[in-house]
1. Provide a single number: the residues in segment 185-204 that are free of Cβ contacts under 8 Å to residues at least 24 places away in the same chain and under 15 Å from Val158 (Cα atoms).
2. Being hydrophobic (A, V, I, L, M, F, W, C) and touching a Gly at 6+ places or on another chain (Cβ under 8 Å) is the filter here, so list the residues in segment 63-102 that pass it.
3. Just one of (1) at pLDDT 95 or above; (2) among the basic types (Lys, Arg); (3) farther than 27 Å from Thr54 by Cβ trips up Lys187, so point out which.
4. So, Leu195, is that one of a type outside the set (Phe, Trp, Tyr), over 21 Å from Phe114 (Cβ atoms) and buried (at least 18 other Cβ atoms within 10 Å of the Cβ) or not?
5. On the basis of being modelled with pLDDT of 85 or more, among the small types (Gly, Ala, Ser), outside the structural domain of Val163 (by TED's automatic domain parsing) and surrounded by 12 or more Cβ atoms within 10 Å (Cβ to Cβ), does Ala50 make the cut?
6. Kindly list, by first and then second residue, each pair from a residue in segment 60-73 that is more than 15 Å from Cys101 (Cβ to Cβ) and among the hydroxyl-bearing types (Ser, Thr, Tyr) to a residue that is buried (at least 19 other Cβ atoms within 10 Å of the Cβ) and at pLDDT 90 or above, limited to pairs with Cβ atoms under 7 Å and residues at least 6 apart or on different chains.
7. Just one of (1) buried (at least 21 other Cβ atoms within 10 Å of the Cβ); (2) among the aromatic types (Phe, Trp, Tyr); (3) modelled with pLDDT under 90 trips up Phe114, so point out which.
8. Going residue by residue through segment 126-140, is there one that turns out to be surrounded by 13 or more Cβ atoms within 10 Å (Cβ to Cβ), at pLDDT below 95 and outside any helix (DSSP H, G or I)?
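The values are calculated or read from the model by the stated rules, or taken from the named source; none is laboratory data. Quick caveat, the model's predicted, so the values are computed rather than measured. Positions of Cβ are backbone-derived with ideal geometry, glycine not excepted, and every protein chain shown enters the neighbour counts.
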Amino acid sequence: MFLWRSDRQVPPKELQEGINRISSYLYSQAAWYIRAQLPDGKTAFYLDLAEKNTIQDVIFELTILLTFLSEEQRISYYVGEYDLENSDDLEKSFFAAAKCCKALEQIGAKRGVFRSKNMSFFSIFSSFHQNGEEVLRSQRPELQKLLDYDRTHNTHYVHTLRVYLAHEGSQAKAANRLFIHRHTMAKRLEKICELGNWDLEDYYTRTYLSLCLMLRDYYGV
């Protein structure tokens, strides 16, 4: 179950547009889908994913959509997710997802997707929020080089890196998700390593870059 909410006062037209775009994406990924509009800019989504989709891929792509909408509209978008095991857990799932959204707000996130099962992991982000934005910015100077290169040359290396990391460093799975040949994927990763001076075979490098991308997704830094 997904819950979308925004606590900011925003024009109703923009708010509805954002909800509709999120809703359209989720609908496109689902085998069945129910949307429940709630007061105060909150919406609950109940869905079963189509067989071809994984929850990891949907959350990954939804995160990108939320980042885009947040930067375009200056609206905070929060999504909480709880795996619904049976229909008797509807109320439990709703409040669990709402708790996820509240947690995002408490850590100072500007937007993001939060799975209930990852509550303990997200607690570490409270220290980032408490220590201020400058600490957040200092965490990813190397990633900024790649972001700047994409903007200047109209490339998509950051997105390629995201997909690669999301698929646990598997070139084959990442290439399949991006609909490109494995050779093309390998060449892109080679260029990414060159631009950032990274060794993507190294576990700690991949973990560091994953955290850098999370900081950008949740805090916009």
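1. Qualifying residue count for the region: 5.
2. Leu66, Leu69, Ile75, Val79, Ala96, Ala97, Ala98, Cys100, Cys101
3. Tallying (1) at pLDDT 95 or above; (2) among the basic types (Lys, Arg); (3) farther than 27 Å from Thr54 by Cβ, Lys187 fails exactly one: (3).
4. no
5. Working: modelled with pLDDT of 85 or more: yes; among the small types (Gly, Ala, Ser): yes; outside the structural domain of Val163 (by TED's automatic domain parsing): yes; surrounded by 12 or more Cβ atoms within 10 Å (Cβ to Cβ): yes.
So Ala50 fits the description; yes.
6. Filtered contacts from segment 60-73: Thr67/Arg111.
7. For Phe114, the exception is condition (3).
8. Within segment 126-140, one or more residues are surrounded by 13 or more Cβ atoms within 10 Å (Cβ to Cβ), at pLDDT below 95 and outside any helix (DSSP H, G or I).
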